[in-house]
Amino acid sequence: MAQTYADGLPVPRRYGAILTIVLGLAISVLDGAIANVALPTIASDLRASPAQSIWVVNAYQIAIIISLLPLSFLGDMVGYRRIYRYGLVVFIFTSLFCALSSSLEMLTLARVLQGFGGAALMSVNTALIRLIYPYKHLGRGMGINSFVVAVSSAAGPTIAAAILSLASWQWLFLINVPIGAVALLLALRYLPENPPRATAQHFDLPSAIMNALTFGLLIIALSGFAQGQPVALVAAELALLLVIGYFFVRRQLSQPVPMLPLDLLRIPIFSLSIGTSVCSFCAQMLALVALPFFLQNTLGRSEVETGLLLTPWPLATMVMAPLAGYLIERIHAGLLGGIGLGVMACGLFALALLPQAPQDADIIWRMALCGAGFGLFQSPNNHTIVSSAPRERSGGASGMLGTARLTGQSCGAALVALMFNLFPDAGTHASLLLAGSFATLAAVVSSLRMTQKTAGHQ
């Protein structure tokens with residue numbers, strides 16, 4: 001049985017297993033972006049203000065980020081397959097709950113519960129890929145993973161617009177039920193079991209509570225800052241975050257297997273890869289949040305035109321992510337990531353230096369350059385994060401991967417608000433220059449990994 005884990009699943013079963021990962025990851029990532037387009041409709045239908053309706057989005061994101069690490073820890077304890085299956089069941093029923101909600105409070109509660117289901121799927125998906133694929137082809141599995149995240153994140157608004165043109169907002173959530181049911185059937189049949197654990201682990205409830213408070217306060221403070229809440233309130237949230245975070249880290253240092261995987265962060269190539277991930281997703285979010293304002297307010301493009309002009313980014317990522325998954329088998333992840341992030345930085349700086357009245361082609365090639373660079377970086381980086389951790393800690397590594405992505409995206413969104421406040425007439429330009437700087441920093445951090453061997457814990 002141990003040989004099966006080292007060599008991955010046999011080919012027919014491998015396809016069924018990766019398909020359930022693709023379906024589960026797609027619906028959980030999609031639901032982070034799919035509701036944005038429908039917020040005005042939802043607010044009107046449920047008689048809520050636009051500001052209140054933002055909680056439909058925030059509730060889902062907060063629930064995911066506060067529960068990713070505890071659920072990945074549970075995955076190491078009780079099995080990734082079990083966490084994934086329960087996550088699918090929760091996600092299916094809470095999607096139905098979302099669709100049947102008759103008030104904003106009810107929908108917000110449903111979104112919190114749906115976020116816990118989504119977190120269960122995200123927390124162990126890369127740990128499962130490590131069991132599904134043989135080590136020499138692990139990069140291909142990570143390429144598929146990066147491809148699905150990129151497509152789902154970028155296609156959310158387009159899919160939402162398509163659904164809303166045919167049906168009510170409730171169908172944004174109902175669509176998850178049949179897809180989730182298919183994924184659950186596949187999960188019951190094809191997902192592999194965890195290998196036996198070398199040491200027993202115990203779930204530490206105080207750590208889980210402190211983790212939720214630390215990351216929850218981080219997202220609430222960043223969101224509050226972005227929405228222009230009083231500075232005193234945001235400062236108080238950050239002060240509370242620092243106090244709780246300090247005691248949280250102290251407790252983790254005393255644990256033999258910590259929930260916040262500080263033991264993994266002591267592995268140089270792992271911590272460098274996490275740092276690279278946070279910086280790169282921050283850069284991506286800075287650009288993708290700021291650009292629509294520039295395209296619509298400055299250039300006068302319609303919402304449809306804006307959507308089409310942003311599309312080359314995810315399309316280029318879709319092409320490059322699987323290719324990078326193959327290249328990781330031959331080229332060091334630090335070099336691939338450094339080149340990819342360098343290309344992304346060039347694209348971001350090129351966007352910042354757009355002419356005053358750009359043609360569509362001027363925007364398209366710059367967007368494609370950003371997306372191609374991001375795609376070249378993401379698969380090798382995910383591969384390194386998961387493969388550099390000991391096999392029995394794959395859940396912790398998978399949880400950190402998701403946490404790094406969400407932290408980077410949240411920081412990027414908050415920094416856009418800061419740029420628009422500091423530079424009212426040049427907010428997009430400042431955001432793109434800052435995004436390019438973060439991508440350059442990420443490229444440097446990625447290149448530092450070339451001095452480290454890519455670990456291959458079997």
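The values are calculated or read from the model by the stated rules, or taken from the named source; none is laboratory data. Since we're looking at a predicted model, the values are computed, not measured. Here the Cβ is made from the backbone with ideal geometry for all residues, glycine too, and neighbour counts use every protein chain on show.
Residue-by-condition table, conditions (1) surrounded by fewer than 23 Cβ atoms within 10 Å (Cβ to Cβ); (2) under 18 Å from Phe294 (Cβ atoms); (3) touching an Asp or Glu at 6+ places or on another chain (Cβ under 9 Å); (4) touching a residue at least 60 places away in the same chain (Cβ under 8 Å):
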| site | (1), (2), (3), (4) |
| --- | --- |
| Met400 | no, no, no, yes |
| Thr403 | no, no, no, yes |
| Ala413 | yes, yes, no, yes |
| Phe420 | yes, yes, no, yes |
| Gly427 | yes, yes, no, yes |
| Leu432 | no, yes, no, yes |
- Query: Taking the range 183-196 as the region of interest, how many residues are exposed (fewer than 15 other Cβ atoms within 10 Å of the Cβ) and either in a helix (DSSP H, G or I) or small (Gly, Ala, Ser) (or both)?
  - Reply: 3
- Query: Of all residues in the range 39-62 being under 24 Å from the mean Cα position of the chain (by Cα) and either surrounded by 23 or more Cβ atoms within 10 Å (Cβ to Cβ) or hydroxyl-bearing (Ser, Thr, Tyr) (or both), which is modelled with the lowest pLDDT?
  - Reply: Ser53
- Item | the range 347-357 - residue that is out of contact with any Gly (no Cβ under 7 Å at 6 or more places or on another chain) and crowded, with 17+ Cβ neighbours inside 10 Å and, of those, nearest to Pro314 (Cα to Cα) | Leu351
- Query: Could we say that Leu217 is aliphatic (A, V, I, L, M), within 23 Å of the chain's Cα centre (by Cα), within 20 Å of Asn58 (Cα to Cα) and in a helix (DSSP H, G or I) here?
  - Reply: yes
- Message: I need the helices (runs of 4 or more DSSP H) fully contained in the range 333-435, keeping only those with at least 2 residues that are β-branched (Val, Ile, Thr) and closer than 30 Å to Gln229 by Cα.
- Response: 394-422
- Does the range 107-128 include one or more residues that are among the β-branched types (Val, Ile, Thr), touching a residue at least 12 places away in the same chain (Cβ under 8 Å) and either in contact with a His (Cβ under 9 Å, 6 or more places away or on another chain) or closer than 21 Å to Leu401 by Cβ (or both)? yes
- Task: Give just the number: which of (1) over 21 Å from the mean Cα position of the chain (by Cα); (2) under 23 Å from Ser123 (Cβ atoms) does Glu305 not satisfy?
- Result: (2)
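Let's see how each residue does on (1) hydroxyl-bearing (Ser, Thr, Tyr); (2) over 25 Å from Gly143 (Cβ atoms):
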position	(1), (2)
Ser379	yes, no
Val386	no, no
Ala389	no, no
Ser394	yes, no
Thr403	yes, no
Leu422	no, yes
Gly427	no, yes
Ser446	yes, no
Gln452	no, no
- Item | Single residue of the range 293-307 satisfying the filter (among the aliphatic types (A, V, I, L, M) and surrounded by 15 or more Cβ atoms within 10 Å (Cβ to Cβ)) that is nearest to Gln356 (Cα to Cα) | Leu299
- Residues of the range 262-283 being assigned to a loop (DSSP other than H, G, I, E, B) and either assigned by TED's automatic domain parsing to the domain that holds Gly216 or free of Cβ contacts under 8 Å to residues at least 12 places away in the same chain (or both), in sequence order, are Arg266
- Query: Is it the case that the range 70-82 has a residue that's part of a helix (DSSP H, G or I), basic (Lys, Arg) and surrounded by fewer than 23 Cβ atoms within 10 Å (Cβ to Cβ)?
  - Reply: yes
